[in-house]
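Here is the structure we will look at.
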Ligand SMILES: Cc1cc2nc3c(=O)[nH]c(=O)nc-3n(C[C@H](O)[C@H](O)[C@H](O)COP(=O)(O)OP(=O)(O)OC[C@H]3O[C@@H](n4cnc5c(N)ncnc54)[C@H](O)[C@@H]3O)c2cc1C
């Protein structure tokens, strides 16, 4: 997935400046305000920029990320600020450390007060108002971060009632075990939103294995992979309905897209294996590749699916 393997660009050699707002063409030193362990291999990092370096809100259409540079080995990787950036220059990130990974490990080793050079904002995927009636988001691990940024922008951060052109959203998220689930800073706002506006937002959590939890169900956790039935449920369909073409048993899960009657977009983000299982592997050179996996089996095509 592009999510894991971003090509090394020459941009890591971009100059460092602290006199103009952040932009993709230069690095800017930010200060690490807090670093909090959130699981066996993840941390929540908060960065702060001086207020005069904060970009204009109109340059911050979700979903966007910023590159952070490991200044020891001069390697940069993109990370997604969960709530974008506020007027005070604060950005929060949920970051995983891989055993043999470079930048994640380096970021985890940083102390409060340290300086981290950042470059961005860089668009990940451009949200366009009014194009979809419904978004079905499927994420694995830290792949929840772009989903969270979009949900925060559309539904959590709204002072007034969302407009009728705001899509209904379902988020299906999976982590390997309960201790690897996103931290409360991410889960709690999503749970509150699902409880307060169930007609606008639905949220379901999955784990591959229950870990030490004796009763996952009481934590609203399903112990299973995200599969066809979870997607059907997200679309408000049930197996018996006429939406399903029933030409042969092999086609039992195929959806008659014409009859869906709503403009649905699937957003998929996470580790390679998760993206491949849900929507087929990414293509060469960061292209989307064909839609495969369970969404492909259900009959969805590249106009219905975007792999982040
Ligand atoms: C737009 C975007 C936004 C992102 N947002 C976030 C975010 O909010 N939070 C987050 O945690 N991550 C995010 N990522 C992922 C992040 O950019 C890094 O890819 C991730 O942190 C791993 O980088 P690393 O340097 O720590 O590990 P790397 O050194 O890249 O290694 C990662 C893993 O791959 C393995 N590996 C390395 N090289 C190879 C190879 N050649 N072949 C096989 N395996 C190999 C390593 O052993 C390790 O397990 C985002 C990615 C993108 C593209």
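Only the coordinates and a few stated rules stand behind these numbers; no lab work does. A quick note: this is a predicted structure, and the numbers were derived from the prediction, not measured. As a convention, Cβ positions derive from the backbone with ideal geometry for all residues, glycine included, and neighbour counts pool all protein chains shown.
Dividing the convex hull volume of the alpha carbon atoms of the chain by its residue count gives 141 Å³ per residue. Let me have the relative contact order for segment 134-307, percent, based on Cα pairs under 8 Å that are six or more residues apart. It rounds to 23 percent for segment 134-307.
Cβ crowding within 10 Å, taken as a proxy for footprinting-reagent exposure, orders 174, 224, 218 from fewest neighbours to most as 218, 224, 174. Remark: the Cα gyration tensor places segment 134-307 in the rounded category, a/c being less than 1.5. Its DSSP H runs of at least 4 residues, each contributing -39,500 (n - 2.57), put the calculated 222 nm mean residue ellipticity of the chain at -4000 deg cm²/dmol, to the nearest 500. As a calculated quantity, the FRET efficiency between residue 257 and residue 114 at R0 = 41 Å, using C-beta atoms, amounts to about 0.25.
Reducing segment 60-117 and segment 146-216 to their Cα centroids gives an inter-centroid distance of 22 Å.
Taken along the Cα-to-beta-carbon direction at a fixed 7 Å, the label points for residue 188 and residue 56 span 3.6 nm.
Once the chain from residue 72 to residue 222 is taken as fully extended at 0.36 nm per residue, the excess over their C-alpha distance is 49.9 nm. Going by Cα centres, segment 262-276 and segment 14-56 are how many Å apart? So the separation of the two Cα centres works out to 28 Å. Once C-alpha pairs closer than 8 Å and six or more residues apart are averaged by separation and normalised to the residue number of segment 10-123, the relative contact order reads 36 percent. With R₀ fixed at 30 Å, the C-beta to C-beta distance from residue 102 to residue 306 puts the FRET efficiency at about 0.65.
Expressed to the nearest 5 percent, the antiparallel share of DSSP beta bridges inside the chain is 50 percent.
Computed over segment 1-144, the P(r) curve from all C-alpha pair distances, binned at 5 Å from the origin, holds 2, 9, 19, 24, 22, 14, 7, 3, 1, 0 percent per bin. Spin-label model, residue 165 to residue 214: label points 7 Å out along the Cα-to-beta-carbon direction sit 5.3 nm apart.
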